[in-house]
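The values are calculated or read from the model by the stated rules, or taken from the named source; none is laboratory data. None of these values were measured; they are calculated from a predicted model. For neighbour counting, all protein chains shown are included, and Cβ atoms are generated from backbone atoms with ideal geometry for every residue, glycine included.
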Amino acid sequence: MDKNTFILIAASYVLGGIPSGYIITRTLKGIDIREHGSGNPGAANVYRVVGKWAGWATMVCDAAKGFIPVECAMHFYPGNYWLAIICGSLAIFGHMWTIFLRFRGGKGVSTALGVFGAMLPFPTLIAFLSFAIAVAISGHISVGSIVAALVLPITSFIVKDHSYSPAFSITVSLVSALIIYKHIPNMKRLLQKKELAFSDGSATPHKNADDKKS
């Protein structure tokens with residue numbers, strides 16, 4: 001492994017670990033997003049607690065954290081699919097277990113959107129549309145995230161574009177399984193009808209320790 005490759009791989013994890021939601025809410029409101037709403041520093045909780053523009057800004061920043069490393073790997077090392085996979089995976093892991101917040105980050109949905117948007121644009125678009133429809137019907141971002149995590153692996157095997165590599169679909173399947181695993185607390189709350197809806201907001205600290213770990 002040459003020096004530039006090592007730097008790209010290391011930078012992928014560090015970039016993925018930048019806590020966009022935490023930084024945005026600190027800057028705009030002076031609060032620690034982990035102490036409000038669901039306690040998660042992701043875009044959905046930022047949207048509910050701070051507002052739609054902060055939520056969308058968090059989503060875009062988190063997606064960029066995944067898109068940039070993969071796009072750099074594919075641009076500077078064309079044909080090296082495994083390097084793109086390593087960089088994308090590390091960006092997602094960096095978001096989920098960020099070094100900047102004592103290894104407690106988000107659930108990786110927006111960052112995965114950026115990673116797979118670079119790898120598999122059309123299947124990712126289908127998954128995103130599925131996400132939007134599921135959120136519109138259910139009123140829960142967690143439901144949309146779970147549906148997208150189920151749809152993306154399937155479409156990645158069916159729909160093949162010019163950048164397709166079977167390794168991408170395998171990676172999608174593994175990451176999607178991890179995202180669904182991270183949403184187990186949400187599934188439990190959905191069954192108990194205690195899950196926060198998309199439009200719900202709360203400025204009070206969350207009491208569920210399991211969710212803060214998710």
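I'm trying to understand the selection: among the residues of region 1-55, which are crowded, with 19+ Cβ neighbours inside 10 Å, under 27 Å from Gly88 (Cβ atoms) and either free of Cβ contacts under 8 Å to residues at least 40 places away in the same chain or among the acidic types (Asp, Glu) (or both)?
Result: Ile24, Thr25, Ile33, Asn45, Val46, Ala54, Gly55.
May I ask you to list the residues in region 152-177 that are surrounded by fewer than 17 Cβ atoms within 10 Å (Cβ to Cβ) and in contact (Cβ under 8 Å) with a residue 60 or more places away in the chain?
Across region 152-177, the qualifying residues are Ser163, Ser165, Ala167.
If you scan region 29-83, which residues turn out to be of a type outside the set (A, V, I, L, M, F, W, C), more than 19 Å from the chain's Cα centre (by Cα) and within 30 Å of Ala167 (Cα to Cα)?
Matches in region 29-83: His75, Tyr77, Pro78, Gly79, Asn80, Tyr81.
Restricting attention to region 11-24, which residues are of a type in the set (A, V, I, L, M, F, W, C), part of a helix (DSSP H, G or I) and within 15 Å of Phe67 (Cα to Cα)?
Step one: list which residues in region 11-24 are of a type in the set (A, V, I, L, M, F, W, C), which gives 11, 14-15, 18, 23-24.
In the following step, the residues that additionally are part of a helix (DSSP H, G or I) were identified as 11, 14-15, 23-24.
Selection gives Ala11, Val14, Leu15.
Is it the case, given these coordinates, that Ile31 is β-branched (Val, Ile, Thr) and either in a helix (DSSP H, G or I) or closer than 14 Å to Gly108 by Cα (or both)? Don't jump to the end; show me each part of the working.
Working: β-branched (Val, Ile, Thr): yes; either in a helix (DSSP H, G or I) or closer than 14 Å to Gly108 by Cα (or both): no.
It is false that Ile31 is β-branched (Val, Ile, Thr) and either in a helix (DSSP H, G or I) or closer than 14 Å to Gly108 by Cα (or both).
Determine whether Tyr77 is surrounded by fewer than 21 Cβ atoms within 10 Å (Cβ to Cβ), of a type in the set (Phe, Trp, Tyr), in contact (Cβ under 8 Å) with a residue 60 or more places away in the chain and closer than 22 Å to Ala177 by Cα.
Numbers: surrounded by fewer than 21 Cβ atoms within 10 Å (Cβ to Cβ): yes; of a type in the set (Phe, Trp, Tyr): yes; in contact (Cβ under 8 Å) with a residue 60 or more places away in the chain: yes; closer than 22 Å to Ala177 by Cα: no.
Taking the combined requirement at face value, the residue does not satisfy it.
Please tell me if Gly55 is in contact with a helix residue (DSSP H, G or I) (Cβ under 8 Å, 6 or more places away or on another chain) and either closer than 19 Å to Gly17 by Cβ or modelled with pLDDT of 95 or more (or both). Break it down stepwise before answering.
Working: in contact with a helix residue (DSSP H, G or I) (Cβ under 8 Å, 6 or more places away or on another chain): yes; either closer than 19 Å to Gly17 by Cβ or modelled with pLDDT of 95 or more (or both): no.
When the stated conditions are applied, Gly55 does not pass them.
Are any of the residues in region 116-128 polar (S, T, N, Q) and either surrounded by 21 or more Cβ atoms within 10 Å (Cβ to Cβ) or without any contact (Cβ under 8 Å) to a residue 12 or more places away in the chain (or both)? Spell out the reasoning first.
Of the residues in region 116-128, the ones polar (S, T, N, Q) are 124.
In the following step, the residues that additionally are either surrounded by 21 or more Cβ atoms within 10 Å (Cβ to Cβ) or without any contact (Cβ under 8 Å) to a residue 12 or more places away in the chain (or both) were identified as 124.
Checked against the condition, which is being polar (S, T, N, Q) and either surrounded by 21 or more Cβ atoms within 10 Å (Cβ to Cβ) or without any contact (Cβ under 8 Å) to a residue 12 or more places away in the chain (or both), region 116-128 yields at least one hit.
Every residue, every condition in (1) at pLDDT 85 or above; (2) closer than 23 Å to Gly55 by Cα; (3) in contact with a Ser or Thr (Cβ under 7 Å, 6 or more places away or on another chain); (4) among the aromatic types (Phe, Trp, Tyr), yes or no:
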| residue | (1), (2), (3), (4) |
| --- | --- |
| Ala167 | yes, no, no, no |
| Lys193 | yes, no, no, no |
| Leu196 | no, yes, yes, no |
| Ser199 | no, yes, no, no |
| Pro205 | no, yes, no, no |
